[in-house]
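Structure record follows, encoded as structure tokens.
The values are calculated or read from the model by the stated rules, or taken from the named source; none is laboratory data. In this text, all values refer to a predicted model and were calculated from it rather than measured experimentally. All Cβ positions, even for glycine, are placed from backbone atoms using ideal geometry, and neighbour counts span all protein chains on display.
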Amino acid sequence: MCQHKWVIYGLQMYIIIQTKFNDGVCFVDILEKIEKLRKDRGWSVYKLAEESGVTQSTIANMFSRGTMPSIATLQQLCNAFGISMADFFGGNSGLSIEEEKILSGYRQLNADSKKIIDTLFQTLKNN
């Protein structure tokens with residue numbers, strides 16, 4: 001069970017995450033994380049807007065004004081990135097470096113290329 005609390009530190013808003021497994025506190029810079037996920041995929045702001053259904057102006061305003069996305073907007077962005085909100089805030093996926101590289105490359109593919117990779121994985125898995 002995680003407990004979340006929003007805090008403002010300087011001009012940045014963070015979420016503090018504290019889990020029952022760890023008494024430590026972790027700060028997540030939401031805008032920085034969104035920007036990193038976008039850049040990791042090689043997406044423009046336009047592409048993120050297209051994939052998420054969030055308007056390009058909303059995304060641009062988040063970064064130019066430093067405003068935090070609503071929970072609904074953040075959920076749409078996470079859906080576009082192919083991650084859960086828990087993954088977004090958790091940061092540690094439990095994947096090896098090699099698995100992270102494969103997943104990162106997969107996320108940059110278009111839908112047709114993803115289908116080819118999915119078919120390849122199924123073929124390899126069945127052999």
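Hey, does region 42-49 have a residue that's modelled with pLDDT under 90 and aromatic (Phe, Trp, Tyr)? No, there is no match, as no residue in region 42-49 is modelled with pLDDT under 90 and aromatic (Phe, Trp, Tyr). Total residues in region 41-78 satisfying the condition of being touching a residue at least 12 places away in the same chain (Cβ under 8 Å) and surrounded by 15 or more Cβ atoms within 10 Å (Cβ to Cβ): the figure is 15. The residues of region 41-59 that are in contact with a helix residue (DSSP H, G or I) (Cβ under 6 Å, 6 or more places away or on another chain) and assigned to a helix (DSSP H, G or I), listed by number, are VAL45, TYR46, LEU48, ALA49, GLU51, SER52, GLN56, ILE59.
Only a single criterion out of (1) touching a strand residue (DSSP E or B) at 6+ places or on another chain (Cβ under 9 Å); (2) within 15 Å of LYS36 (Cβ to Cβ); (3) of a type in the set (A, V, I, L, M) is not satisfied by ALA86, namely (2).
Residues of region 80-90 that are in a helix (DSSP H, G or I) and closer than 16 Å to LYS114 by Cα: ALA80, PHE81. Residues in region 83-127 that are modelled with pLDDT of 85 or more and hydroxyl-bearing (Ser, Thr, Tyr) were compared, and the one that is farthest from PRO69 (Cα to Cα) is THR123.
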